[in-house]
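Just below is one structure, and these are the notes that go with it.
The values are calculated or read from the model by the stated rules, or taken from the named source; none is laboratory data. Since the model is a prediction, treat every value here as computed from it, not as a measurement. Using ideal geometry, Cβ is built from the backbone for each residue, glycine included, and neighbour counts are taken over all protein chains shown.
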Amino acid sequence: MKTNRLYPFLFLFGAFAFIVVMMFVALCYSFVLSFSGYYIVEPNSETVFVGLQNYGTAFFDREFTGSLVTSFIFIGASIVFQTCVGLGLALLVHALTSRTLVTIMRTMLTIPMMVMSVASSYMFLLMFLPGKMGTINALLSYFGIAPIDFLGSGASAMGVVVLADAWEGIPFVFLILYAALQVIPKDVFESAEIDGCVGLKRLRHITMPLLAPAIMSLLILRAIDLWKTFDPVYIITRGGPYRATQVATLYTYLTAFKYGHIAYSCALSMLLILIPTILTAITVKQVRF
C-alpha cells in the first residue's frame, strides 16, 4: 500500500528534478558570471575575474537606482489599485444571493487570468495608441474630443502600464479575498447586524480585521509578482517616455541584450533577487498573521 502511494510522486520526480536542476544551474552560472567582465562583443572576457566590481558599479549607477525607484512606484500604485478594486468585487459577489449570478461573475472575473501577458499587453497597446490608431482615441474622436497622447507623458504612460497589469492581477486579488470572505462564519455578521453594526461600520470593525491576514499575505504575493513585471512595460512603453516607466527588470534586460554587458546584468539580476528576499523577510518578521 505504501509503495502504491509513492507511485504518483515517482512519476513527478523526473519533471520536478529537471526543473530544479535547470533553475539551480542557471542561477549558479549567473552568480559566477556576475564576478566576471563578460561582454558579448569581447571574446574570452568571460574568464576575466573582476570581483565585486559589477556590484559596486550598480550602487553608483543612476539609471539602475532610478529604475528601482520606478519599480517601487509601479508596485505601490498597482497594489493599491488592484487591492481596492479586487476587494470591492469580492464584497460585491459575496453579497449576491443568486448562485447562478455568483457563478457567472466568478467565471467572468477569472477569464483575464487565462490570457497570456504578452497578448493582454498588446491589447492595451492597441487601445492607447496615439492619434486615431488607438481604440480609446477613436472613440473620443467620435464624440468630438481631441485625441490624447496617453503614452506621451510619464504619469499617463505609467497609468497605462498599471492598468495593463491590473487587468490580470485583479482576478487573483478577487479570488483570494472572496475565498477569505467565504471562510468567515455567517454567525459573525448576523451578530453584528443584531448589535446595529451594519454597512461601512461592519466593514470597518468586522470584515476588514478578519480579512487582515489574507490581505497581508496577498500584498506580499502581489509585490513579489509585480517586482518581476516585464511584458507590459516592454511591449507598451519600452521604458519611455524618457525612462519614466523603465523598471529594474527592463533595465537589466537592456543591459544584457542591448548593451551586451552580460556580467553586469547578472549582477543586477542577483540584486533583484536579494532585494525582495530581504524586504519580504523583514515584512513577515514584523507582521503577525
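Numbers at a glance
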item: Residue in the stretch 83-102 that is touching a His at 6+ places or on another chain (Cβ under 9 Å) and within 19 Å of I184 (Cα to Cα) present; result: yes
item: Filtered residues of the stretch 236-283 (kept if of a type outside the set (S, T, N, Q) and within 13 Å of M158 (Cα to Cα)); result: I236, R238, G239, G240, P241, Y242, R243, A244, V247
item: Criterion (within 30 Å of T65 (Cβ to Cβ), assigned to a helix (DSSP H, G or I) and among the small types (G, A, S)) met by exactly one of A180, A223, A192; result: A223
item: Helices (runs of 4 or more DSSP H) contained entirely in the stretch 17-134, each with at least 3 residues that are within 21 Å of the chain's Cα centre (by Cα) and either exposed (fewer than 14 other Cβ atoms within 10 Å of the Cβ) or at positive phi (or both); result: 62-95
item: Residues that are outside any helix (DSSP H, G or I) and either among the β-branched types (V, I, T) or on the phi > 0 side of the Ramachandran plot (or both), drawn from the stretch 195-220; result: G196, V198, G199
item: Unique residue being within 30 Å of V50 (Cα to Cα) and touching a helix residue (DSSP H, G or I) at 6+ places or on another chain (Cβ under 9 Å) when the list is L218, L274, L254; result: L254
item: Residue within the stretch 7-16 that is surrounded by fewer than 14 Cβ atoms within 10 Å (Cβ to Cβ), in a helix (DSSP H, G or I), modelled with pLDDT of 90 or more and out of contact with any helix residue (DSSP H, G or I) (no Cβ under 7 Å at 6 or more places or on another chain) present; result: no
item: Residues located in the stretch 196-211, provided they are surrounded by 10 or more Cβ atoms within 10 Å (Cβ to Cβ) and at pLDDT below 80; result: C197, V198
item: Close pairs (7 angstrom Cβ cut-off, 6 or more residues apart or separate chains): at negative phi in the stretch 161-172, outside any helix (DSSP H, G or I) anywhere; result: V161/T245; D165/T229
item: Test: S156 is over 20 Å from A180 (Cβ atoms), small (G, A, S) and either loosely packed, with under 15 Cβ neighbours inside 10 Å or in contact (Cβ under 8 Å) with a residue 12 or more places away in the chain (or both); result: no
item: The lone exception for A263 - which of (1) within 15 Å of F74 (Cβ to Cβ); (2) part of a helix (DSSP H, G or I) it fails; result: (1)
item: Qualifying residues in the stretch 216-237 (those that are under 15 Å from V162 (Cα atoms) and among the β-branched types (V, I, T)) - the one surrounded by the fewest Cβ atoms within 10 Å (Cβ to Cβ); result: I235
item: Test: residue in the stretch 85-102 that is touching a strand residue (DSSP E or B) at 6+ places or on another chain (Cβ under 7 Å) and either among the hydrophobic types (A, V, I, L, M, F, W, C) or farther than 30 Å from A180 by Cβ (or both); result: no
item: Given (1) in contact with a helix residue (DSSP H, G or I) (Cβ under 7 Å, 6 or more places away or on another chain); (2) among the hydrophobic types (A, V, I, L, M, F, W, C); (3) within 30 Å of T283 (Cβ to Cβ), index of the condition L126 fails; result: (3)
item: V173 vs. criteria aliphatic (A, V, I, L, M), surrounded by 19 or more Cβ atoms within 10 Å (Cβ to Cβ) and more than 20 Å from R106 (Cα to Cα); result: no
item: Verdict on L151 being outside any helix (DSSP H, G or I) and buried (at least 20 other Cβ atoms within 10 Å of the Cβ); result: yes
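Listed here are the residues, each with its yes/no results for (1) modelled with pLDDT of 95 or more; (2) under 30 Å from P130 (Cβ atoms); (3) surrounded by 15 or more Cβ atoms within 10 Å (Cβ to Cβ).
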position: G239; (1), (2), (3): no, yes, yes
position: T245; (1), (2), (3): yes, yes, yes
position: T249; (1), (2), (3): yes, yes, yes
position: Y253; (1), (2), (3): yes, yes, yes
position: Y259; (1), (2), (3): no, yes, no
position: P276; (1), (2), (3): no, no, yes
position: V284; (1), (2), (3): no, no, no
position: F289; (1), (2), (3): no, no, no
